[in-house]
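Asks: Handing you a structure now.
The values are calculated or read from the model by the stated rules, or taken from the named source; none is laboratory data. If you're wondering where the values come from, they're calculated on a predicted model, not measured in any experiment. Cβ placement follows ideal geometry from the backbone for every residue including glycine, while neighbour counts extend to all protein chains displayed. Only protein heavy atoms, including side chains, enter the accessible area calculation; ligands, DNA and RNA are left aside. Shrake-Rupley method; radii C 1.70, N 1.55, O 1.52, S 1.80 Å.
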Amino acid sequence: MLNNQDLSRCNTFGLPCVAQTLFRFEQVSQLPTLSAAIKEYAQHRVLGGGSNVITHPDLAGLTIHVANKGIRLLCEHDNFWLVEASAGEVWHDFVAYTLEQGWYGLENLALIPGTVGAAPVQNIGAYGLELEQRVHSVLAWNLLEGELYEFSAEECEFSYRDSMFKRAKPGTWLIIAVRFRLPRQWQPLLQYPDLRDHASLQHAPTAQAVFEAVCEVRRTKLPDPAQVGNAGSFFKNPVVQAEQYAVLRTQHPNVVAYAQADGRYKLAAGWLIDQAGWKGREAGAVAMHPRQALVMTNCGGAVLEDVLNLAQQIQNDVQQKFGVQLEQEPVLYA
Ligand code: FAD
Ligand code: NAP
């Protein structure tokens, strides 16, 4: 246990943050001790790479930093590879490693910051692939009960940027490893315009070519948290009923939306924010990015209040102009 640890470099937004007590989780043998230890604290929370959180400056109680490592091939089936990765592995490095081994299927999720263990929490997704399509099961320690569980993909109740882990009472689950089912019959997923139209992917693209194209597009469009503090998309894309979409389209014929399998429509939150006039706009020490209106950035010295104020202004404005409620994506650590 380490006291008064500065975490301002452990959250990609770069918000000032000090943890009262920090516990580094590195191996499974620590779990029983950890479950006993949390009883001593009024609050506790789990931290991975800090790329999907916004933080209070003082984190009271215990903060558990996930840092266990290891990747192994569990078995080879006729149709898939079963691969297990420990929660503290860096997500992008894990994706790169799977491709090096010839285990394809995660390439569309390249360059997403953070850890393997956080990936199921919001069912990470990009370029038409969601984590749930590749998860076999998730190994999670119930911190409150002190018990280990293995959840099948179905039991994780994945949905759009959501899972039962994200909906559970904060501090219940510590994901310790994720098992992936990677298809031996690989097919590229190229439905997103940035991949469909990419020059390098026009003729029988390989998984490595898709991986490189995803990295290149992301580096062009998104601010690198190492240079400009941010937590990725600040709002989820709202999914609305067909009736609401029909009304919106009458009022705003250019509205960007995608039909969902259940008949609803996913609205591009970036388009709503741009149309409401927030793209590239600064407010205090934060701004909405000039190339991607969905990403809030730290202009230098931002504090939590700046972030929450701008988020609230945008939510109010989008609600007033379009009648749509934007939901914040990053988790607030209080
Ligand atoms: P953290 O930010 O540390 O934690 C996020 C949440 O998960 C917290 O509630 C935390 O308590 C919980 N958590 C973390 N680890 C564990 C664990 N082991 N067990 C239980 N709970 C845990 N997301 C996408 O879906 N798609 C994208 O394309 C994408 N692009 C991004 C681009 C940028 C530039 C940035 C900054 C972020 C982006 N994100 C994206 C968001 C983010 O990278 C992902 O949500 C990522 O999975 C968060 O991982 P993390 O380890 O940083 O989690
Ligand atoms: P983009 O490709 O310009 O697309 C804009 C929006 O339209 C995205 O939100 C995407 O939804 C949606 N979209 C585009 N083509 C689609 C299709 N064929 N079917 C369904 N929806 C479609 O987005 P971008 O900003 O450059 O990001 C690229 C990808 O990385 C996206 O998948 C995005 O979600 C992901 N990303 C996520 C974060 C994060 O923090 N969560 C940050 C950066 C990038 P979806 O968002 O649902 O895919």
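Asks: Per-residue accessible area for ARG179 at 1.4 Å probe radius, Å² rounded to 10?
Replies: Surface open to solvent at ARG179 totals about 50 Å².
Asks: Most fluctuating residue of ALA209, ALA67, ALA96 in a GNM of the chain with Cα springs under 10 Å: which is it?
Replies: Fluctuation is largest for ALA209.
Asks: While we're here: Distance from the Cα centre of the stretch 46-91 to that of the stretch 174-209, in angstrom?
Replies: So the two Cα centres are separated by 21 Å.
Asks: Still on this structure: Between SER29 and VAL303, what is 0.36 nm times their sequence separation minus the Cα-Cα distance? Round to one decimal in nm. Write down the numbers at each step before the final one.
Replies: Values: separation 274, 0.36 × 274 = 98.64 nm, distance 3.71 nm.
Full extension of this stretch gives 94.9 nm more.
Asks: Taking the full set of protein chains and a 1.4 angstrom probe, give the accessible area of VAL303 in square angstrom, rounded to the nearest 10.
Replies: Accessible surface of VAL303 is approximately 60 Å².
Asks: Leaving ligands, DNA and RNA out of it, work out the accessible area of LYS166 with a 1.4 Å probe and give it in Å² to the nearest 10.
Replies: Rounded to the nearest 10, the figure is 50 Å².
Asks: Further question on the same structure: Heavy atoms only, probe 1.4 angstrom, no DNA, RNA or ligands counted: give me ARG184, ARG134 ranked by accessible area, highest first.
Replies: ARG184, ARG134
Asks: Still on this structure: Using Cα springs under 10 Å in a Gaussian network model of the chain, which residue among THR250, THR12, THR55 shows the largest mean-square fluctuation?
Replies: THR250
Asks: Net charge around VAL46, counting only other residues with Cβ within less than 13 Å of its Cβ (Lys, Arg = +1; Asp, Glu = -1)? Before the final figure, lay out each step's value.
Replies: Numbers: positive: ARG24, ARG45, LYS166, LYS169; negative: none.
Charge balance in the 13 Å sphere: +4.
Asks: For GLU154 and ASN4, what does the FRET efficiency come to when R0 = 45 Å and r is the distance between their Cβ atoms, rounded to the nearest 0.05? Kindly include the intermediate steps, with their values, before the conclusion.
Replies: On the way: r = 42 Å, r/R0 = 0.94.
Approximately 0.60, to the nearest 0.05.
Asks: Going by amide H atoms built from the backbone, whose H comes under 5 Å of the H on GLY50, apart from near neighbours?
Replies: For GLY50, no residues qualify.
Asks: Could you count how many Lys pairs in the chain have their Cα atoms under 29 Å apart, skipping same-chain pairs fewer than 8 positions apart?
Replies: 21
Asks: Sticking with the crude label model, points 7 Å out along Cα→Cβ, report the distance from HIS56 to GLN20 in nm, one decimal please.
Replies: 0.9 nm
Asks: Right, another one. Return the distance in nm (one decimal) between the two label points of a simple spin-label model at ARG281 and THR172, each offset 7 Å from Cα along Cα→Cβ.
Replies: Spacing of the two 7 Å Cα→Cβ label points: 3.8 nm.
Asks: If you don't mind, there's one more thing I want to ask. What ranking of HIS252, HIS289 comes out by heavy-atom accessible area, probe 1.4 Å, highest first? Mind dumping the intermediate values first?
Replies: Values: HIS252 50, HIS289 20 Å².
Output order, biggest surface exposure first: HIS252, HIS289.
Asks: Let me ask you something else. So what's the back-of-envelope 222 nm ellipticity for the chain, counting only DSSP H runs of four-plus at -39500 (n - 2.57) apiece and dividing by all residues, rounded to 500? Intermediate values should be presented prior to the final figure.
Replies: Values: 8 runs with 78 residues, N = 334.
Theoretical 222 nm ellipticity from helices: -7000 deg cm²/dmol.
Asks: Run the simple label-point estimate for ALA42 and ARG219 please: 7 Å along Cα→C-beta, distance reported in nm.
Replies: My value for the distance between the label points is 4.7 nm.
Asks: I would also like to ask the following. Just LEU143, LEU22, LEU73 to compare: in a GNM of the chain, with alpha carbon springs under 10 Å, which one fluctuates most?
Replies: LEU73
Asks: Give the calculated FRET efficiency between LEU144 and GLN312 to the nearest 0.05, with a Förster radius of 30 Å applied to their Cβ-Cβ distance.
Replies: Working: r = 32 Å, r/R0 = 1.07.
The value I calculate is 0.40.
Asks: Further, regarding this structure: Quick one: check the C-alpha center-to-center distance for the stretch 223-253 versus the stretch 289-334, whole angstrom.
Replies: Computed from Cα coordinates, the inter-centre distance equals 11 Å.
Asks: Nearest 0.05, what FRET efficiency do ALA246 and SER200 give at R0 = 45 Å with Cβ-Cβ as r?
Replies: 0.70
Asks: What chymotrypsin sites (Phe, Trp or Tyr not before Pro) in the stretch 226-334 are in a loop by DSSP, with at most 14 other Cβ atoms within 10 Å of the Cβ? Please report the intermediate quantities before stating the final value.
Replies: On the way: sites: PHE234, PHE235, TYR245, TYR258, TYR265, TRP271, TRP278, PHE322, TYR333; in loops: PHE234, TRP278.
Loop-located and lightly packed - none at all.
Asks: Ordering CYS156, CYS299 by accessible area with a probe of 1.4 Å, largest first, what comes out? Show your work: numbers first, answer last.
Replies: On the way: CYS156 0, CYS299 70 Å².
Final ranking, largest accessible area leading: CYS299, CYS156.
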